[in-house]
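For reference, the structure is listed below as structure tokens.
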Amino acid sequence: MKWAAFKIVMGILGSVMLVAGCSGGKEVEQEQISVRKQFEQLEATHEARYKLLENLEDTELARLLWEEQRANYFTMLNLISFHMTPGEFQYTQPQLLRLQDYGDMAEMTEAYLQSLLAISSHQHPHCMRYSGNHGFVLREGFEFPFRYRLIYSHMVFDDGNTLQLPDVANRQQETPDVIHRGGSYCYKEVFSTDDPQPTKVRGEFHAELPDNLIEFEFSAEDIGKTIEQNGYLVTLLEFEQGRYAIEIDAVEEKSLNFHSRDVVAEAVDVHGEYIAWRATEREPTTRAHRIHKLLEELFQRAEQGTISTEDALRELEVLRDTLLEEQGRKLFLSRAFNGIVDKARITLMIYSEESESFSRELELPVYNFPRPQVANEVNLNALPQISAATPVYDARAELNASIVELDAQQMQARVRMVQWHEDIESPDLQREYTGQIGWFYPPVQSDIFMQRQDRAGALHVLGEFEFYDEQGDPVEAREMSDANSEKLAFEYKPGSLEYPRMFGRLVYSPERFTKPPVRVKGILPMIVAPNIVKDSYAIDELPAGMALNGNQLMIDYAVFEPREVAEVRDELTERRNKVFVKDANGYLTEIKKETLYHPHSGRTAVDVYYFTVNRSRSRFGIRGILRL
């Protein structure tokens, strides 16, 4: 590992706004959005209308107008943030990525069912108050992308007794026997290895597979364009930095009975990376504004005493009928993303009465893991073997990224920036600084070894920044009064935990400079790891200390010595090597990892991994990735 310097030249904001874009040696085009003023105006209107109703004698009319006002107020609040440019950058994988791993939908469905696992262990902190960390997880190898219902009903013990499980999919969190907390199912009664043990979980799976998948793609120059495929028409209505809006229609004989998950609305950036979405609107955004405008008129007439409850209700219904008539049977969808959209990609899942249905009664074996114990032969042999009939591939973006690490040129093109600043006339006194610029890193393989906020690490103290006024002259930090002597004009800090893709941020307050700065130049030091060493071992040529038993990979660090680390000791020791299993098609998903420790001095670790491996169906090897 080593450190690199990332250079910036950019403008600084001077009012309430949010800007997203590229960074580096280029100027950033700043679309100023006075978010605070929008919120303040909306809130002021809301409060004024509430006060008007307090003095209205017609209580029935007041109740009607308040219900309408309150509902539309929250809708418009959401629309303000929905239309903002991205406040961060996050990346994801295509929703239908799993179809690439299997021959067809039926094979993928079978792989999904084979990936369902019930694992019981003593490693559930959310269960501490109920059963002393004893609980279980019901794990799926990947998210099923089509219409489906998965219901778990009971856990069966070896003496025939059963526990009723909560229907989590329908928001049930508790039964008399089990409580669901933080992704874990907690037993409500403590039991030991001498008591009856859970053996299986019963459930049901029902799915419907689409007849066809129809794909559409749009870019900014396609606004207003309609594309027709197989009788379905998609029109691009809007296309902005971090969002787009579409309308879906079909020829008369085609149904538009789409469920919310049947329309896959995705986006990629200019580099082809899929961007994570943050919000969805399914009604035209102008609808709330038209209702807001009508309400303004109704409130004025209510204040004048020239409208009745019946008239107000009728006018609201007329507007809603008009909006529905204008929309027709067309479907509207607008989606906002955590990034700058280059292309919109839409996939329609087409279902019909002839669509293939799939149902299966489930009976999953429960794999019981004992409490963590010392790494002797008896305890290691007591660990269960987890059956994995079909491989499931690891879809993490960093593991499958084509780039190990960004070089200097790539940094200038691919590091992204978000800038925020609050109006200095009415600053939030709770904030230490009134402005922030955050820098975000794209997915690269070196992410396997570090969190985004660790890229700045201790190097943030080496950040260098120069600020300039409108004439291009340098500006300095003002000397603060004794009462504010500890306040700084700016600081460079590591990335915020709130934004996992942010590696560094410059926080500042323009009012603490001798003149308001409008431009900043700087150098951002960061940690990079371009020299990743990948050691691969065939399964019949594993080194000493490494053994594969079924899909259980065991690494004894008392024997096996990684390339870079002489000793791997207790649980506080950082693993500087990462271990994966790979077959001819890609990296296999890790199901679970257990760590036991030798009892002798040093507590040397034995790591036991479980992967979705089927040795009879695929050739594979062990791959260790080590960082330098």
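The values are calculated or read from the model by the stated rules, or taken from the named source; none is laboratory data. This is a predicted model, so every value here is computed, not measured. Because the Cβ atoms are built from the backbone with ideal geometry, glycine has one as well, and the counts that use them run over all protein chains shown. Remember, those area values only see protein heavy atoms, side chains included, never the ligands or the DNA or RNA. Shrake-Rupley method; radii C 1.70, N 1.55, O 1.52, S 1.80 Å.
Rolling a 1.4 angstrom probe over the chain with all protein chains present gives an accessible area of which 46% lies on carbon and sulfur atoms.
Quick check: with the 1.4 Å probe, what order do Val190, Val533 take by accessible area, largest first?
Accessible-area ranking of Val190, Val533, largest first: Val190, Val533.
Look at the dipole of region 170-237 built from charges on Cβ: of Thr193, Ile214, His180, the Cα furthest out on the positive end belongs to Thr193. Distance between the pseudo-spin-label points of Thr59 and Phe332 (7 Å out from Cα toward the beta carbon): 3.7 nm. Length gained on full extension, Thr322 to Arg261: 19.2 nm, using 0.36 nm per residue less the C-alpha separation. For the modelled label position 7 Å from the Cα of Lys200 along Cα-to-Cβ, which residues of region 358-373 have backbone nitrogen atoms closer than 12 Å? Backbone N within reach: 361-366.
Working from the Cα coordinates of the chain, the gyration tensor eigenvalues give, after taking √(5λ), semi-axes of 47, 37, 26 Å in decreasing order.
If you average the alpha carbon positions of region 92-116 and of region 355-404, how far apart do those two centres end up, in angstrom? So the separation of the two Cα centres works out to 16 Å. Highest mean packing first, where packing is the average number of other Cβ atoms within 10 Å per residue, the peptides 50-56, 270-276, 604-610 line up as 604-610, 270-276, 50-56.
Among complete DSSP H helices in the chain, those whose alpha-carbon atoms stretch at least 24 Å along the helix's long axis and whose mean Kyte-Doolittle hydropathy reaches -1.0 are 59-82, 309-327. Each Lys and Arg Cβ is given +1 and each Asp and Glu Cβ -1; about its Cα centre, the chain then shows a dipole of about 1900 debye. What FRET efficiency comes out for Glu464 versus Gln409 if R0 is 22 angstrom and r is the Cβ-Cβ distance? Round to the nearest 0.05. Once the sixth-power term is evaluated, E becomes 0.60.
Beta carbons within 10 angstrom, averaged per residue: use that to sort the peptides 155-165, 341-351, highest first.
With the highest mean Cβ count within 10 Å placed first, the list reads 341-351, 155-165.
Here is the list for region 136-239: trypsin sites (Lys or Arg not before Pro) lying in DSSP coil, each with at most 16 other C-beta atoms within 10 angstrom of its C-beta, are Arg171, Lys188, Lys225. Using 0.36 nm per residue and subtracting the Cα-Cα separation, the extra length available between Glu363 and Ala48 on full extension is 107.4 nm. Rolling a 1.4 Å probe over the protein heavy atoms gives the chain an accessible area of 50 Å² per residue.
Using a Förster radius of 45 Å, what is the FRET efficiency between Glu491 and Arg603 based on their Cβ-Cβ separation? Nearest 0.05, please.
E between Glu491 and Arg603, to the nearest 0.05, is 0.65.
The relative contact order of the chain comes to 17 percent, based on Cα pairs under 8 Å that sit 6 or more residues apart.
Dividing the helix sum by the residues of the chain, where each DSSP H run of 4 or more adds -39500 (n - 2.57), gives a mean residue ellipticity at 222 nm of -5500 deg cm²/dmol. Shown are Glu174, Glu325, whose ranking by accessible area with a 1.4 Å probe and every protein chain present, most to least, is Glu325, Glu174.
When DSSP beta bridges are restricted to pairs lying wholly in the chain, around 95% turn out antiparallel. Among the protein heavy atoms, those of His180 account for about 30 Å² of accessible surface (1.4 Å probe, every chain in place). Only protein heavy atoms count here; under a 1.4 Å probe, Glu189 has an accessible surface of about 140 Å². Ranking Val475, Ala388, Gln373 by how far each Cα lies toward the positive end of the dipole of the chain (charges on Cβ) leaves Gln373 at the top.
FRET efficiency for the pair Arg301 and Ala538, taken as 1/(1 + (r/R0)^6) with r the Cβ-Cβ distance and R0 = 60 Å, rounds to 0.15. Modelled this way, with points 7 Å down the Cα-to-C-beta line, the labels at Thr226 and Ser192 are 7.4 nm from one another. Summarised as an ellipsoid, region 288-436 has semi-axes of 54, 34, 23 Å, derived from the eigenvalues of the Cα gyration tensor scaled by 5 and square-rooted, with the largest first. Take the Cα of Glu40, step 7 Å toward its Cβ, do the same at Met128, and the gap between the two points is 4.5 nm.
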